[in-house]
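So the structure is just underneath, and the comments pick up after that.
The values are calculated or read from the model by the stated rules, or taken from the named source; none is laboratory data. These numbers come from a predicted model, not from an experiment. Cβ sites come from the backbone with ideal geometry, for glycine too, and all protein chains shown count toward neighbours.
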Amino acid sequence: MTNIILLGPPGAGKGTQARRLVEERGMVHLSTGDMLREARTSGTEMGRKVAEVMDRGDLVTDEIVIGLIEEKLAGENARGFIFDGFPRTLAQADALGALLKRSGNRLDAVIEMRVDDEALVERISGRFTCGQCGEVYHDKTRPTKAEGVCDECGSTDLRRRADDNAESLKTRLMEYYKKTSPLIGYYYHAGDLFTVDGLAEIDQVAKAIANVLDQAKSS
């Protein structure tokens, strides 16, 4: 089993690479947002807690997120887990490390998908996704073959995030660098950090990540 964290600012391509790892290596993608949405409608005790917090408009606590991750680690039969969107802070990194140790797991690699901010703004401003299958497209670099139709599933439900614009992205980048970038030093010191070029072609990024995973697996 190989467990990894994908680090990178909004638009770095973490979701795209996570989907490839799920398909090619049988790993489980643990996206904080997806877990919260799933828990809210699950009917479980933890799900009710999530729903209550979100309905109040409050932020979900670290303890709840760790609880959701713990349920996934215990319940999924996987060849590894991809943590995406968690941890975001040093306190969360400590909590995740303690959980992995407690559950008999370990963290094999933290992969930083490094990007250039200006190039990232251009990438994000033209990005849109399929609302049905999640495939990601771009106005310039990867348009759909037929206008308004997803290449993968044929859906016409193509969407753009309201905050996928230059001004919003600058705010999101500042939030990322302020809160999450300290994790780079944290995991570098632990010897777990690897860096790939997040703005390379998708296949090149995938190959770089595969090399990291193979290296981590053999160590």
Open item on the list: Residue pairs, Cβ under 8 Å, 6 or more apart or interchain, first in region 175-197 and more than 15 Å from Met113 (Cα to Cα), second surrounded by 13 or more Cβ atoms within 10 Å (Cβ to Cβ) and modelled with pLDDT under 95. List them.
Closed with: Lys179/Arg88; Lys179/Thr89; Tyr186/Leu90
Task: strands (runs of 3 or more DSSP E) wholly inside region 1-110 that include at least 3 residues being of a type in the set (A, V, I, L, M, F, W, C) - done: 4-7, 81-84
- [ ] Determine whether Arg79 is in contact with a Ser or Thr (Cβ under 9 Å, 6 or more places away or on another chain), at pLDDT below 90 and within 21 Å of Ala109 (Cβ to Cβ).
- [x] yes
TODO: Tell me, please, whether a residue that is surrounded by fewer than 19 Cβ atoms within 10 Å (Cβ to Cβ) and among the acidic types (Asp, Glu) can be found in region 77-93.
DONE: no
- [ ] Please state which of the following conditions Ile66 fails to meet, knowing it meets all the rest: (1) closer than 23 Å to Ala39 by Cβ; (2) modelled with pLDDT under 90.
- [x] (2)
Task: Residue identified as closer than 24 Å to Lys179 by Cα, touching an Asp or Glu at 6+ places or on another chain (Cβ under 6 Å) and of a type in the set (Val, Ile, Thr) among Val115, Val110, Val50 - done: Val110
- [ ] Kindly indicate the residue of region 99-136 that is exposed (fewer than 15 other Cβ atoms within 10 Å of the Cβ) and among the small types (Gly, Ala, Ser) and also farthest from Lys217 (Cα to Cα) among those meeting that condition.
- [x] Gly131
- [ ] Could you grab me the full set of residues in region 137-171 that are in contact (Cβ under 8 Å) with a residue 40 or more places away in the chain and surrounded by fewer than 16 Cβ atoms within 10 Å (Cβ to Cβ)?
- [x] Asn165, Ala166, Lys170
Open item on the list: Restricting to region 29-88, name every residue that is in contact with a strand residue (DSSP E or B) (Cβ under 8 Å, 6 or more places away or on another chain) and among the hydrophobic types (A, V, I, L, M, F, W, C).
Closed with: Leu30, Ile69, Leu73, Ala78, Phe81, Ile82, Phe83, Phe86
